[in-house]
Amino acid sequence: MMTQPIIGLITLLFMMIPPVAEIMESIMILHMHMQMPMIVIAGFLMAPFFTKRFPNFFSKWNQTGIPGMLLFIIVMSYWSIPRAMDDALTYPAVELFKFISLAFLVGVPLRDSWKKISNRWQNGVLIFFFLQFTGLGILYIAAPGQLCNNYIQSEQVTLGWGFLTIAIAILVYLVQLIFINPADYE
Amino acid sequence: MALAQTIKEKANNALGVNPLDAKITKSYFIVTFLALLIGGYLGLIQGLNRAGVFELPSWLDYYQVLTAHGLLLVLVFSSFFTIGYFYAAMSNTLGGLLPKVRKMVWIGFSMKIVGFVIAVIPLIMGDANVMYTFYPPMAASTWYYVGLVFIVLGVWMAAFGAFIQVANWRKNHKGQHLPILSYFATGVFVLLFFGTLPVAIEVFMIIPWTLGWIETLNSMLARTLFWAFGHTLVNIWYLTAVSAWYVIVPKVIGGRRFSDVLTRVVVMVLVILNITGGFHHQIVDPAISEPVKFMHVFMSLSIGFPSLMTAYAMFAVFERTGRAKGAKGLFGFFKKLPWGDVRFLAPFIAMAAFIPAGAGGIVQTTYQLDQVIHNSLWVVGHFHLTLGMSVALTFFGISYWLIPHISGRVLTKKMNKVGVITTIIWTIGMSTMSIAMHLVGLLGSPRRTSYTTYGDNATALGWDPYLIFLAVGGTFLIVAVTMQAYNAFHLMFLAPKGEEEFPIAEEEENASKTPFWTERWSRIILIMLVVVAMAYVIPLVDFIGDPGSIPWRTW
Ligand code: HEM
Ligand SMILES: [Cu+2]
């Protein structure tokens, strides 16, 4: 069962190799919708290592899963702000913080919390991200000027469409929940 | 309710095949093997023409033949087989089809036939020589596209029928895992539905354009939508073949299945990653920037993971089974395999062919290497290996037990032998043709081009020996095509009556319990949609707003 954390660690280190990070960060949408999720997935895969090693810590601080979920939401939201991306490209310390925070403050709490929270909370989180992604999508597409110093406006529009299409995918999932009740099948 | 259901299932098993369900699969298979027969002869015409030994009559255009060949084999042959096979599998493993589902799949059947007729009429009249890819700005008669719409709608009927069947079973078997073949069926029908969505959008853009209601059409957008579909379709046939490798072949050789968890993970991964692979068909297209192409090399190669898993799984099963039968040494298990059984031999050759086919695929998905062979006969050689060997031979292998099973007949020793001979001739023919195609492609001979010597240019004349080999391979193939179609109809209508088993292998002993997340299809589909969105958004945003083209008739 330790293969997952090892794969996660390798993924994280791979994403940190300078040329890999450079390619990923050269295009705005790859930076936000490929590099960042990959770091989160790396953390998600590493989570069992921490939950097994420090079970008391997780059961004490994250018994209901709500604190973990809040941490997940806050750090995720922080990294969808244009300014945060600029900072990561400008200050090496922020860049390092990006890798660490997305892996250990997003990926790890997500894995530990998701199965602890109720179905209703899970759907609430999805609705939250649906709204957030729709808002960000509109912002990035409609903003009259450049939001980031490092990326030109046309890349910003592409990223906006990226947010909107993911929001649509989440919407499709939420709508099918109205018609299909998982409890009928499990 | 649950009790009533189990009793019904028991009764179904005791009575053998439900005749109403069998009729569905039989009808789909009749179309399958007719398409193979006609499509095969058209292929021979192409092969002979390209070798310069057969000149087409003035009323027949090379590209007309090529369009029909592609349409019949890549669309009709494979989709009718897949639907017929998985409906038989669902009938067998889910306790018979629901009456409502039966009705849906019949409506789907007629819609596909009607659609096919509507598309074929302009093709016969020479108004649709656009090949099965129908890239704009080439434009065929509007009717061709109307026919395609009906075919897609027919496929959706079959897909939704399958969803209803599966949902109903799960309601009555709460908390249980879907039987493995029906799990494959679910994956395949999910892909069939989501994979045909982009082409439906494309065709709904093309129809008003050919009617002149809109002036221009964005060719790059259309091509991208086409390949989101085309690539998925090809992988659906592959997944169908893979289902037989994981589930049927182990039983035929007297063994057990490979790990249930990993099998289901392979299906999930293929469903999630498939649609995004479409870009490797556009790797040389202009208007897609290099970083995006670079990224898609990874996307395509990531499909290599489930493929490698499959190769590993198959050899693990062969070895385990062989050892259980007392095989010794490193490769001793090879001798214990039932080489004389066509139900094993055909899919085995299919798997073996996937090794060079996969290697060729990696060449094609690598930008620099692809530039050497792009649009050459190499590519044609590649998909005759993947489709013509890996997929087609697996389908043939299935036909030798499934057709007698649903027809209440048996596969006799003699028919088995004829099947083995057919398989061997097919293998000789397809290998010869495909090797010739790969080589002549490396020398630069283009695909989709009728016979020409380019004014006796020396390079073009140098292709001739290979093209002769291509035609020789094609001639072997046509013998095998004819035999295979005969075998299929013989097993359906003439073979001695009896009962043929539907071979489904058992799970391995002391297997670990399969986690239930493998059954949460809504989530699998959510992840799939997010991956598709991420992959397609950059190029699509780039294309939208580019100037379009008016329709052209290039022939
Ligand atoms: C008797 C057997 C067959 C022969 C002799 C044959 C021959 C050919 C030839 C010579 C071409 C290339 C023409 C060109 O690019 O100019 C071709 C194309 C093609 N073949 Fe076959 N083939 C056979 C069977 C099959 C099978 C079983 C499949 C698939 C299941 C298949 C699928 C295709 C497809 C999709 C094309 C591409 C059409 C296009 O480029 O638009 N063929 N075939
Ligand atoms: Cu492909």
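Tell me the net charge near A:Glu186. Cut-off is 13 Å between Cβ atoms, A:Glu186 excluded, with +1 for each Lys or Arg and -1 for each Asp or Glu.
Values: positive: B:Arg170, B:Lys171, B:Lys174, B:Arg520, B:Arg523; negative: A:Asp184, B:Glu519.
In short, +3.
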message: Taking every alpha carbon pair in the stretch B:412-555, what does the distance histogram look like in 10 angstrom bins from 0, in percent?
response: 8, 17, 15, 21, 28, 10, 1
field: Linear extension gain, A:Asn149 paired with A:Thr51, 0.36 nm per residue minus alpha-carbon span
entry: 31.4 nm
- prompt: If amide H atoms are built 1.01 Å from N in the plane of the peptide, which residues on other chains or at least 5 residues away come under 5 Å of the amide H of B:Asn129?
  reply: none
- line: At R0 = 60 Å the Cβ-Cβ FRET efficiency linking B:Thr453 and B:Ala316, nearest 0.05, sits at 0.70
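Please compute the net charge surrounding B:Leu48, taking Lys and Arg as +1 and Asp and Glu as -1 over other residues with Cβ under 15 Å from its Cβ.
Values: positive: B:Arg50; negative: B:Glu55, B:Asp464.
Charge balance in the 15 Å sphere: -1.
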query: Expressed in whole Å with the largest first, what are the equivalent ellipsoid semi-axes of the stretch A:3-185 derived from the C-alpha gyration tensor as the square root of 5 times each eigenvalue?
result: 28, 23, 13
- prompt: At what distance in angstrom do the alpha carbon centres of the stretch B:522-545 and the stretch B:107-172 lie from each other?
  reply: 24
Reachable lysines from B:Lys112, criterion Cα separation under 27 angstrom, eight or more residues apart if same chain: B:Lys23, B:Lys26, B:Lys100, B:Lys103
- request: Along each of the three principal axes of the Cα atoms of the stretch B:336-419, give the extent in whole Å, ordering the values from largest to smallest.
  value: 52, 29, 17
message: Can you give me the C-alpha center-to-center distance between the stretch B:393-471 and the stretch B:212-288, rounded to a whole angstrom?
response: 23
- prompt: Tell me, what is the Rg over Rh of the stretch B:30-128, with Rh the Kirkwood radius over Cα pairs?
  reply: 1.12
Neighbourhood net charge (14 Å Cβ-Cβ; Lys/Arg +1, Asp/Glu -1) for B:Tyr62: +1
- request: Give the calculated FRET efficiency between A:Gln63 and B:Thr133 to the nearest 0.05, with a Förster radius of 41 Å applied to their Cβ-Cβ distance.
  value: 0.10
query: In percent, what relative contact order does the stretch B:23-543 have, based on Cα pairs under 8 Å that are 6 or more apart in sequence?
result: 18
About the Cα centre, charge dipole magnitude for the stretch B:386-527 (Lys/Arg +1, Asp/Glu -1 at Cβ), debye: 300
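What's the FRET efficiency of A:Arg83 with B:Glu499 using the Cβ-Cβ distance as r and R₀ = 51 Å, to the nearest 0.05? Don't skip to the answer; put the middle values down first.
Details: r = 72 Å, r/R0 = 1.41.
Step by step, r from the Cβ atoms, then E = 0.10.
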query: Where a Cα-Cα gap under 23 Å defines reach, which lysines qualify for B:Lys328, not counting those fewer than 8 residues away within the same chain?
result: B:Lys251, B:Lys336
- request: Among A:Thr90, A:Leu131, A:Val175, pick out the residue whose Cα is farthest towards the positive end of the charge dipole of the stretch A:3-185, where Lys and Arg carry +1 and Asp and Glu carry -1 on C-beta, about the Cα centre.
  value: A:Val175
query: Under a straight-distance cross-link criterion of Cα-Cα below 26 Å, which lysines are reachable from A:Lys115, leaving out those fewer than 8 residues away in the same chain?
result: A:Lys52, A:Lys60, A:Lys98, B:Lys171, B:Lys174, B:Lys513
message: Taking 2.2 N^0.38 Å as the expected size of a compact globular protein, what ratio does the Cα radius of gyration of chain B give against it, to two decimals?
response: 0.96
field: Distance between the stretch A:107-164 and the stretch B:73-101 - C-alpha centres, whole angstrom
entry: 40
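Placing unit charges on C-beta atoms (Lys and Arg positive, Asp and Glu negative, everything else neutral), compute the dipole magnitude of the protein assembly as shown about its Cα centre in debye, rounded to 20.
Values: 45 positive and 34 negative charges, 566 e Å.
Using only the charged Cβ atoms, the result is roughly 2720 debye.
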- prompt: Once you put a point 7 Å from the Cα of A:Phe128 and another 7 Å from the Cα of A:Leu96, both along the Cβ direction, what distance in nm separates them?
  reply: 3.0
query: Looking at the stretch A:101-150, which trypsin sites (Lys or Arg not before Pro) are DSSP coil and have at most 12 other C-beta atoms within 10 Å of their C-beta?
result: A:Lys115
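Ignoring everything except DSSP H segments at least 4 long, calculate the 222 nm mean residue ellipticity for the protein assembly as shown; use -39,500 (n - 2.57) per segment, divide by total residues, nearest 500. Can you show the working numbers first?
Details: 30 runs with 517 residues, N = 741.
The helix-only estimate for the protein assembly as shown comes to -23500 deg cm²/dmol at 222 nm.
Per residue of B:531-540, how many C-beta atoms from partner chains lie within 10 Å of its own C-beta, taken as a mean?
5
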By average C-beta atoms within 10 angstrom, highest first, the peptides B:517-523, B:78-84, B:366-372: B:78-84, B:517-523, B:366-372
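In debye to the nearest 20, how big a dipole does the stretch B:23-543 give about its Cα centre with +1 on each Lys and Arg Cβ and -1 on each Asp and Glu Cβ?
Values: 33 positive and 22 negative charges, 418 e Å.
Once rounded to the nearest 20, the dipole reads 2000 debye.
For the protein assembly as shown, what is the per residue volume of the convex hull drawn over the alpha-carbon atoms, in cubic angstrom? Can you show the working numbers first?
On the way: hull volume 134.9 nm³, N = 741.
Once divided by residue count, the hull of the protein assembly as shown is 182 Å³.
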statement: Given Cβ charges of +1 for Lys and Arg and -1 for Asp and Glu, the option among B:Leu211, B:Val420, B:Pro136 whose Cα lies farthest towards the positive end of the dipole of chain B is B:Val420
- request: Over the whole of A:174-186, what's the average partner chain Cβ count within 10 Å per residue? Rounded to a whole number, please.
  value: 3
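The numbers here are math on the coordinates, done by the rules we state, and not lab data. Predicted model, so just to flag it, every value in this text is computed and none were measured. Note: ideal-geometry Cβ built from the backbone for every residue, glycine included; neighbour counts use all protein chains shown.
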